[in-house]
Each structure stands twice: as structure tokens, then as C-alpha cells.
Amino acid sequence: MYRLLGLLSCCVVSSALAVVATSGADARSSVRCAGATTATTTAGGTSGTATIEPGSPPSGGGSCWEDVQPYPFGSGGGPVESSSVPNCGEVTGEVTCPLTVTSVAFRAWNRGLAATTDPANPAATVYGVWIFNGNRWYPAPTFPGSKKCPGNTIVWAGKLDYWLVGPGPGEGNGGKWADLCRFEGEVDLEWEQFALPKATQEHVDGRAGGITSAACYAWNDCWFFGTYGTVVHWNGKTLTNASPAPSQSLLQGEYTAASASEGPAGERLGIAVGATSEAYDDAPLATQAGEPPAQLFASSGQAFSPLPFTPFTSPQADDPYRTDLVAAGLDATGQGWVAGSPAGLRLGDGPSSEKGELPQPATRPFSPPYSPQPSPLLPVSTSGAAAACAGPPSTRFAYTPSGEKISTAGAFLWSSIAVIPGAGEALAGGKSWEAPARHEEPVGQPVIAQANCEGTTTLTRFSEGSSAPADRAGGVTAIAANAANDAWAATSAGTTGGPETASDEFPHLYRLTNGEPPEAPEGNEEEPERLREEEEGREEEPPPQAAEAPPPAPPVEAPPPVTQTRTVTLPPAIYDVKAKLHTAERNGHEQLSLYITFKVRRPVTIGARALLHGHVVSQAAPRHFAGHTGLLVLNLDRKHWPTKVSFFA
């Protein structure tokens with residue numbers, strides 16, 4: 001370690017970069033759209049369809065979804081070509097197979113996170129967390145693996161910290177509630193596990209479940225939600241239980257999703273949503289005097305409180321509230337959207353054992369058995385229903401477990417939703433089934449729905465180079481929106497036509513773009529709130545005492561002007577350089593990463609090289625740092641141990 005510190009040499013070289021402007025038409029022509037079909041339906045029922053040919057540019061100057069190739073998330077810690085392994089479910093030995101994305105989170109278009117899992121071995125995912133830096137995805141260098149930090153939901157907590165939470169209900173884990181895992185990016189650059197408070201453990205009383213979602217306002221202000229109405233708060237130092245008392249029966253539902261945002265004046269906005277039962281496949285909550293269970297919650301920086309809101313539902317005599325809210329999104333204006341599915345159903349539910357049937361809930365069956373149930377997309381606000389935003393009608397999205405009963409509109413289950421900043425529109429991801437042709441069985445496929453306040457919706461279903469669906473039998477597992485021309489959607493693996501249990505088609509990652517830069521500001525690492533807290537407690541120098549002003553000097557004749565040139569030597573743009581060596585085990589091999597941290601005096605673009613007798617053995621590409629701190633990571637090899645580490649511009 002100390003030897004590596006001695007190897008660092010700091011030399012920042014200024015350079016001029018030539019930027020070539022690209023016209024909008026040229027930018028759009030460089031976009032290669034994924035093959036897809038779109039179907040647009042207005043609130044009045046008028047509809048139209050269009051086909052997007054694979055590799056074509058966006059039409060009409062708009063945006064389209066690009067298929068990100070090669071697929072970035074491989075079990076070897078890098079991209080994986082779709083042709084490298086025909087079926088990863090049947091291979092043995094050390095091969096690179098695709099990981100499935102379970103969650104994505106962005107705090108700016110160039111600052112993203114993704115949580116992934118290995119479907120073949122979910123308990124041993126080595127590369128479970130990935131980072132997007134505006135150019136590429138790469139695995140989080142110090143992530144300890146899913147054995148130590150299991151989780152399926154990634155959440156930003158400020159600009160330097162983030163959390164991995166889960167697994168949620170239905171994810172196994174032997175009935176034990178998993179610890180929460182936090183990455184601290186200010187000092188230690190390490191992952192830390194936090195067990196749930198004793199009061200929370202008493203609240204759940206040994207029942208199987210887990211933390212399902214989180215909403216963070218800052219690195220020291222996070223709210224975590226789970227089954228049985230569980231709520232836990234993080235204040236920057238400890239976790240405390242904030243779960244409701246058991247007597248508050250309408251607050252004991254399973255939380256399913258949460259979202260936090262910052263308003264135009266820095267105000268804190270947050271919503272959380274939940275189901276109508278305590279856990280994934282439990283019986284419905286007992287209502288009181290006809291009051292509905294709490295399903296929408298809001299916060300302005302304090303504890304989340306229930307709001308008067310009930311989604312579209314199809315009531316039964318003994319089960320009047322039968323729509324579970326399963327996803328939530330919120331933007332900086334307070335415009336929110338939520339997605340619902342029939343009670344007891346989630347996107348990950350497998351196919352029914354009966355031919356021609358879709359998944360059905362285990363404990364809350366449909367009545368009549370194949371009647372359509374709402375799967376709505378609904379606009380909301382931090383006070384409940386969105387008064388100025390109507391959204392799609394109640395009949396637009398529904399679900400039925402029988403292929404023969406699917407309407408021409410299709411059947412839908414949702415997994416995730418995001419609000420397009422500045423537009424107030426929703427992007428929802430999930431799985432859809434279309435009415436099958438005669439003598440065919442219904443097979444689901446990934447679907448993205450874009451919905452606006454006027455009630456118009458546009459569905460996008462992807463095709464794999466032909467009319468065949470992409471990831472047949474799969475679904476959209478995560479979605480995020482950074483701007484009207486920048487969004488991401490991840491899908492699960494699928495099948496090209498065999499049994500639904502065979503995943504012989506790789507997952508996909510799609511990015512919405514028009515070829516132009518995202519219509520959103522870049523992110524950086526500057527956290528004013530954290531810097532202010534670090535300054536607290538420091539003794540300030542007393543202000544200088546004001547001296548009595550001397551009498552004015554007599555006027556003198558001004559000398560002739562003299563022009564002088566002088567050279568000013570600025571201090572280095574970076575200082576307080578530190579290095580820390582991190583070790584991790586990846587697929588049985590040791591991985592060494594040198595974390596180089598430094599403080600920044602002024603904006604600078606800088607990279608780092610590790611040299612062995614003048615030859616480059618590792619390099620961290622130049623990055624632009626405009627905040628107060630910076631981080632560069634060098635991957636090292638003991639066989640080619642560097643003798644020098646230097647910076648370059």
C-alpha cells in the first residue's frame with residue numbers, strides 16, 4: 001500500500017480538444033433502431049400501428065429504442081456476445097453468460113446503477129452491481145458478491161452513496177430477512193452490511209419476507225420498505241424502526257415500490273406504494289368499516305403518510321380491493337405515476353400448468369374464474385390522485401388468466417414505471433399477452449407502455465430480426481427515464497419458440513435515443529449538504545477588526561499608463577492524493593483494484609496510468625471532475641506489478 005502511494009506522480013497537462021459539430025440529421029442517421037411494432041391508442045379508442053425495421057433510423061425526427069450490443073452484463077465482468085453461448089442454462093465450466101437486470105437507477109443521465117442476478121445461480125452472483133459513467137457499463141469494483149450482499153433493488157442515496165436491498169417476497173433466502181448493504185463513496189469506498197433493528201425483527205415476528213424498496217433523499221436520509229408494513233429509516237449513522245403498530249391493520253400491507261425526487265426549490269418529494277395483503281401471496285388485509293387498505297404514501301422529507309387513493313379494481317363481495325400497486329415513479333414537479341396488477345400476481349410468476357392459461361394468483365382467485373381484472377397505469381401526486389392529469393381510462397389495461405378470454409387490447413402485468421422529466425409522461429415496463437391465433441397457446445413478451453395525461457398510450461413490443469418476438473415469454477424487468485430522449489429498459493431472457501421454460505434467447509438492454517445528447521444536465525460528485533456537515537464543528541477564525549479609516553491623501557498627478565505582463569503559477573488542480581488497494585475474488589481468481597482518490601481545486605479532466613518500467617500495464621480513462629473530490633480505478637495484476645503510477649490529461 002505505502003509503496004503504491006510512493007509511486008504516484010501528479011502532473012496535470014493542459015490540452016485543447018477539438019469538437020466536431022454533428023447535425024441533427026446526421027446524429028439521427030447514426031441511430032440503429034431495434035426491430036419493434038408500436039400501437040398507439042387515444043383515450044377515445046382511436047388506434048394505429050407501425051412497424052420499425054431493425055437497424056432503421058428514427059422516423060419523423062423522433063426517438064426510438066436501440067438494442068445495446070454487445071450486452072453489457074456478463075458473468076465474467078464484461079460484455080457478452082449473444083452468439084458466444086447458445087444456451088447458458090445448459091453449459092458447464094467457466095463460460096461467460098448474461099446476467100439479468102433486476103433494477104436500474106439514475107441520478108443523472110451519466111450516473112447510473114444496475115442490479116443484476118445470475119438466473120442459473122442467484123445466490124452466487126459475483127457481479128451484482130454495475131455502474132454507468134455516461135459511456136459504458138462496468139461492474140462495481142468492490143462489490144463483495146451476492147452471498148454477502150443479496151439484493152435485487154439498487155437505490156441512489158446522494159451522489160456518492162447507494163444501497164442494495166432485498167431480496168423481496170418470493171425470492172427465497174430461507175425465510176431470513178437479508179441485511180441491507182450500503183456503498184459509502186466518500187471515505188472508505190467499501191460496502192457495509194446493516195442488520196435490521198431489533199424492533200423491526202420483532203415487528204415481522206419471524207415471518208418470511210424482506211425489504212422490497214427504498215426512497216433516499218440524501219446519503220443520511222433513506223427510508224426502506226418491506227412486507228408486513230415494515231418501514232426502516234437511516235439517518236447517516238444507524239437504522240431505526242418506523243413500522244406501524246400491529247393495531248393499525250390497514251397499514252400492514254406489503255410495500256412494493258418507492259420513489260424520491262427533489263423539487264425546483266430543493267424541496268423533498270417522495271411516494272411509496274403497496275399491495276392489499278401483508279405479503280406476496282397472503283389473504284387480503286382485513287378492512288375496517290369499509291375503509292380501503294393504504295396503498296399510496298407520500299412524504300415531504302419526514303415519515304411517509306398514507307393518502308386517500310384507491311386504484312381501479314374489480315371488487316368481489318368478500319374481497320373488494322383487488323388491485324396491487326406494484327411500481328411507482330415521481331419527477332421534480334411532483335407528477336407521479338403508479339402501475340397496478342391483479343392482487344397476488346407479479347411479473348415473475350411462471351406459466352400456468354393448464355394449457356392455454358396464464359399465471360393465476362395462488363390465494364385470491366378471479367371470480368368469475370376468467371374475468372378481466374384491471375392492470376392500470378394511473379397518474380398520482382404527493383397529495384393523492386393527480387387532479388390535472390387524467391391518464392388512460394380504466395378499461396385500457398387489463399389482465400385475464402385465460403388465453404381464450406384475452407381481449408384484442410391484450411393482457412398485461414407490470415414490473416416498473418418511470419416519469420419522463422419535463423414531460424410528465426409515464427414509461428411502464430412489463431409483460432403482455434396478445435389474443436392468440438386459433439390452435440395456438442398465448443405466450444407473453446416484453447412490453448413498454450408510454451402514457452400521457454390525455455390518456456393516449458403507445459405500446460412498444462420488440463422483434464428479433466423478424467416478426468418473431470424478442471425475448472418471447474420474457475418481460476421488461478426494469479425501466480428508467482432521464483430525459484425525453486434518454487431512457488433505459490432491461491428485459492429478462494426469453495425463448496425463440498421452444499418451451500417457455502427454455503431461456504435460449506439472451507436478455508436485452510434497450511436505450512431510448514434520437515442520437516442527440518440527452519436533454520438533461522450531467523451529474524457530478526459534488527455534495528454540498530455533506531460538505532456543509534463536514535464543516536460543522538470547525539473553529540472559525542475571528543473576523544478582522546475594522547480599523548479607523550485614515551484621512552484622504554492629497555491628489556497627485558496620475559503617472560503615464562504602464563503595461564506589464566506577469567506569469568502566475570497556479571497550484572495543482574488536484575491535491576491530497578491517496579491510494580488504497582482493494583482485493584476481491586472473481587470466479588476463483590484474485591482481482592486487485594487500486595482506488596486513487598484526490599481533492600479538486602478547479603474543474604479538471606484527468607486519467608491515470610500504471611507503468612512497469614515505462615510500459616503501461618493498466619489505465620483509467622480520463623474523466624471530467626467538477627466537484628470537490630475525484631476517484632480513478634486501476635485494475636492491477638501481480639505478474640505485472642507497476643513501478644510507477646502517473647496522471648495524464
| request: Only strands (runs of 3 or more DSSP E) wholly contained in region 573-649 count here; list those with 3 or more residues that are in contact with a Leu (Cβ under 6 Å, 6 or more places away or on another chain), among the aliphatic types (A, V, I, L, M) and more than 17 Å from Gly77 (Cα to Cα). | output: 574-586
| query | Across region 47-73, what is the total count of residues that are within 27 Å of the chain's Cα centre (by Cα) and among the hydroxyl-bearing types (Ser, Thr, Tyr)? | reply | 2
| said: Condition first: of a type in the set (A, V, I, L, M) and farther than 26 Å from Val273 by Cβ. Can you find one or more residues in region 131-149 that meet it? | reply: yes
| query | Gly422 versus (1) under 21 Å from the mean Cα position of the chain (by Cα); (2) assigned to a loop (DSSP other than H, G, I, E, B); (3) surrounded by 17 or more Cβ atoms within 10 Å (Cβ to Cβ): which is the lone unmet condition? | reply | (3)
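Could you list all residues from region 276-309 that are closer than 17 Å to Arg207 by Cα and modelled with pLDDT of 90 or more?
Ser277, Glu278, Ala279, Asp282, Ala283, Pro284, Leu285
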| Of all residues in region 425-441, which are crowded, with 19+ Cβ neighbours inside 10 Å and more than 27 Å from the chain's Cα centre (by Cα)? | Glu434
| Taking only pairs six or more apart or across chains, which ones have beta-carbon atoms under 6 Å, a first residue in region 34-51 that is over 25 Å from Pro507 (Cβ atoms), and a second residue that is surrounded by 12 or more Cβ atoms within 10 Å (Cβ to Cβ) and small (Gly, Ala, Ser)? | Thr41/Ser47; Ala43/Gly455; Thr49/Ala39
| field | Matching residues, region 237-263, being touching a strand residue (DSSP E or B) at 6+ places or on another chain (Cβ under 8 Å), at pLDDT below 95 and surrounded by fewer than 17 Cβ atoms within 10 Å (Cβ to Cβ) | value | Glu262, Gly263
| query | So how many residues does region 121-172 have that are under 23 Å from Tyr217 (Cα atoms), in a loop (DSSP other than H, G, I, E, B) and among the aliphatic types (A, V, I, L, M)? | reply | 3
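The values are calculated or read from the model by the stated rules, or taken from the named source; none is laboratory data. If you're wondering where the values come from, they're calculated on a predicted model, not measured in any experiment. Positions of Cβ are generated from backbone atoms using ideal geometry, with glycine treated the same way; all protein chains shown enter the neighbour counts.
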